[in-house]
Amino acid sequence: MKNFFNKFIPRRPLPSRARVNEQLKHQTTALYEMYAGIFGPDKVVLKAVKLDALSLMNSENTGERVLALQKLVFEDPTMEKIPTLQEVPEILVAIEEEIASLMARRSLEDRLEKKINDKMEERHQEYVREIKMQVLKEEENNVENPQTLKKYAMLEVLEQKKLTKSAMEITRPETLGEIVGQERAVEALRSKLASPYPQHLILYGPPGVGKTTAARLVLEAAKSLKFTPFAQEAPFIEVDGTTLRWDSRGMTNPLLGSVHDPIYQGARRDLAETGVPEPKPGLATDAHGGILFIDEIGEMDAMLQNKLLKVLEDKRVSFESAYYDPSDPNVPKYIKKLFEDGAPADFILIGATTRDASEINPAIRSRCAEIYFEPLTPKHIEEIVYNAAVKLGVALESDVAALISEYTIEGRKAVNILSDAFGIALYRSSDHEKVVITHDDVYKVVQVSRLTPFVNLKAAKIGEVGKVFGLGVAGYLGSVLEIEAVSFAAGQKGKGRLRFNDTAGSMAKDSVFNAAAVVRKITGEDLGNYDVHINIIGGGRIDGPSAGTGILAAIISAITERPIRQDVAVTGEISIQGKVKAVGGVFEKAYGAKQAGITTMIIPKENEKDIPQGHLGLEICPVDNVEEALAILLSDTEQKSA
């Protein structure tokens with residue numbers, strides 16, 4: 001304490017007359033120390049600042065220091081007169097009496113505080129004893145009875161009964177190498193997720209190609225890498241976007257969490273009795289530190305998608321309630337923290353969808369890297385079937401896998417067909433250890449499930465007049481369109497008619513009229529001299545102009561009677577100048593061509609970079625104009641079909 005006030009003590013040699021002054025200074029310093037001993041040095045300084053006495057305390061003048069002490073002890077900021085040396089002794093006596101009174105009061109307060117603490121401790125012990133007695137009484141008044149105990153025992157018995165795994169569980173890929181036909185997508189997924197800076201992702205592609213499985217396996221692989229932020233316990237939370245709905249009242253929101261108010265929604269009993277709302281974190285918080293996988297993210301409510309964007313930005317979920325009172329002493333710490341700080345939600349979002357990218361919320365797309373999973377070819381389906389047969393421990397008759405691949409392009413559906421055929425073969429076989437699945441087993445499954453071949457159109461080696469294969473795409477699945485044309489000499493020259501089925505759509509009609517304008521340039525023939533009927537077999541609807549080149553080829557073949565190759569498919573918009581213009585979905589259309597047995601695919605030159613040469617074993621032929629396309633379509637086709 002002395003050290004605290006040493007700086008206030010003058011240290012100059014003094015004359016004999018100043019000895020009195022020196023004694024007064026020592027006395028004043030002693031009183032300062034006594035006063036500081038009651039309140040503490042820090043509080044004395046703060047008090048001096050408040051009373052505007054700090055500069056007086058630091059003064060070397062005894063009178064000023066005594067004035068400061070007066071202000072502190074009597075807590076009177078209005079004192080302004082600096083006492084003389086003659087007045088100081090009398091003032092110091094008054095200060096001593098006041099300090100003595102303060103010390104006596106403090107001593108009394110300490111004794112009272114000790115007695116209060118002792119009483120509180122006694123009351124606390126009594127309260128604990130009462131609680132123990134209450135618990136014992138509750139144990140005696142057990143809510144269980146023979147009926148409830150019997151039902152509990154039945155539940156325990158049911159828990160002991162387990163069925164074997166389903167075929168889908170057994171055949172599910174366990175490593176990334178087992179995911180068939182998605183090598184490029186898996187590589188892209190791994191590079192973006194198993195990284196020191198993982199990205200939010202959207203996975204596009206048809207159903208049943210392994211999007212969910214690939215995401216789960218990539219996370220498992222990322223956990224074992226030291227440079228990724230995923231811990232071994234990182235969760236993989238999976239939810240279907242079609243089941244998530246936005247509730248404007250905030251009462252039910254399994255994705256982001258909700259708040260149960262104490263009146264209408266049945267918060268916990270102890271909280272309801274005190275009127276405290278209960279926040280309940282959702283799946284976003286469950287996925288903290290891991291992956292939140294939303295299947296069919298394009299089906300989510302638009303408002304909920306916007307709320308999810310806010311969570312992605314803040315990495316926290318906030319809660320609000322009109323019932324929450326931050327000053328209420330009954331609010332538990334965890335509820336106060338959830339309302340004031342929110343719940344942690346630092347996760348990587350992976351959304352999967354079968355929709356087109358244009359149908360996904362642009363704000364979500366801007367925050368996510370996009371990966372496209374590819375449709376499966378018949379060879380991929382066969383490989384999936386063979387792998388599943390090995391895991392199921394069954395043998396396949398020759399070409400059974402190829403037969404299954406004719407009825408689906410989904411890996412999940414192919415395994416379902418195989419497992420159904422396995423059940424039939426198991427009942428038919430006398431030796432359950434050596435089960436062989438035959439063609440008849442597959443056909444029985446196909447008939448019972450009313451399945452039809454996925455691709456009815458097949459390529460042929462013999463050319464046909466007026467018939468050409470075009471290419472279309474729906475979603476992420478390409479398909480082959482069978483376009484045919486027939487022509488007759490018009491009853492009157494120049495008054496021929498051009499007919500086209502209306503179900504194909506207005507864009508296809510535009511392609512027909514554009515083709516008609518180009519025919520004369522290519523052949524020198526006037527379509528006005530012919531009655532021409534163009535048809536899309538099966539009534540297929542064409543939403544874009546990509547069938548233009550195919551329609552032109554069918555018309556020219558019909559009026560010139562030159563056959564068209566039936567192992568070639570063509571796509572491309574046609575201009576009235578005879579140019580073949582770029583179209584969309586070229587990559588997906590290649591899968592449709594492959595399914596139909598097509599060997600050559602004609603595409604616009606402008607789409608050349610959209611698809612690699614030799615993709616799926618197809619010969620890709622980029623063309624600039626219709627003459628180049630016709631040179632391929634009409635070559636080596638002198639023999640007509642019967």
Legend entry - Evaluation of Phe339 against (1) in a helix (DSSP H, G or I); (2) in contact (Cβ under 8 Å) with a residue 60 or more places away in the chain; (3) closer than 28 Å to Ala221 by Cβ (one fails), failing number: (3)
Inset, instruction - Would you mind stating whether Ser327 is free of Cβ contacts under 8 Å to residues at least 24 places away in the same chain, under 25 Å from the mean Cα position of the chain (by Cα) and not assigned by TED's automatic domain parsing to the domain that holds Phe422? - result: no
Inset, instruction - Kindly establish whether Val436 is among the β-branched types (Val, Ile, Thr) and surrounded by fewer than 18 Cβ atoms within 10 Å (Cβ to Cβ). - result: yes
Legend entry - Residues within the range 70-102 that are closer than 17 Å to Asn21 by Cα and out of contact with any Leu (no Cβ under 6 Å at 6 or more places or on another chain), tallied: 10
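Residue-wise test of (1) buried (at least 21 other Cβ atoms within 10 Å of the Cβ); (2) among the β-branched types (Val, Ile, Thr); (3) under 24 Å from Ser191 (Cβ atoms); (4) without any contact (Cβ under 8 Å) to a residue 60 or more places away in the chain.
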position: Asp346; (1), (2), (3), (4): no, no, yes, yes
position: Ile350; (1), (2), (3), (4): yes, yes, yes, no
position: Thr353; (1), (2), (3), (4): yes, yes, yes, no
position: Ile381; (1), (2), (3), (4): yes, yes, no, yes
position: Leu392; (1), (2), (3), (4): no, no, no, no
position: Ile404; (1), (2), (3), (4): yes, yes, no, yes
position: Gly423; (1), (2), (3), (4): no, no, no, yes
Inset, instruction - Filter the range 413-445 down to the residues that are more than 29 Å from Pro206 (Cα to Cα) and among the small types (Gly, Ala, Ser), then identify the one that is modelled with the lowest pLDDT. - result: Ser430
Legend entry - Leading residue by the ranking (farthest from Arg365 (Cα to Cα)) among those in the range 285-323 that are crowded, with 20+ Cβ neighbours inside 10 Å and in contact with a Ser or Thr (Cβ under 7 Å, 6 or more places away or on another chain): Val317
Legend entry - helices (runs of 4 or more DSSP H) wholly inside the range 387-464 that include at least 1 residues being out of contact with any helix residue (DSSP H, G or I) (no Cβ under 9 Å at 6 or more places or on another chain), on the phi < 0 side of the Ramachandran plot and not small (Gly, Ala, Ser): 411-428, 439-448
Inset, instruction - Go through (1) in contact with a Ser or Thr (Cβ under 8 Å, 6 or more places away or on another chain); (2) under 22 Å from Gly290 (Cβ atoms) and name the single condition Val218 misses. - result: (1)
Inset, instruction - Only residues that are hydroxyl-bearing (Ser, Thr, Tyr) and at pLDDT 85 or above: list them for the range 453-504, please. - result: Ser487
Inset, instruction - Please state which one of Ala389, Ala352, Ala395 is under 18 Å from Glu178 (Cα atoms), of a type outside the set (Asp, Glu) and either in the same structural domain as Ala425 (by TED's automatic domain parsing) or in contact with an Asp or Glu (Cβ under 6 Å, 6 or more places away or on another chain) (or both). - result: Ala389
Inset, instruction - Assess whether Ser557 counts as being buried (at least 23 other Cβ atoms within 10 Å of the Cβ), in contact (Cβ under 8 Å) with a residue 24 or more places away in the chain and not assigned by TED's automatic domain parsing to the domain that holds Pro206. - result: yes
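The values are calculated or read from the model by the stated rules, or taken from the named source; none is laboratory data. This is a predicted model, so every value here is computed, not measured. Cβ atoms come from the backbone with ideal geometry, glycine included; neighbour counts cover every protein chain shown.
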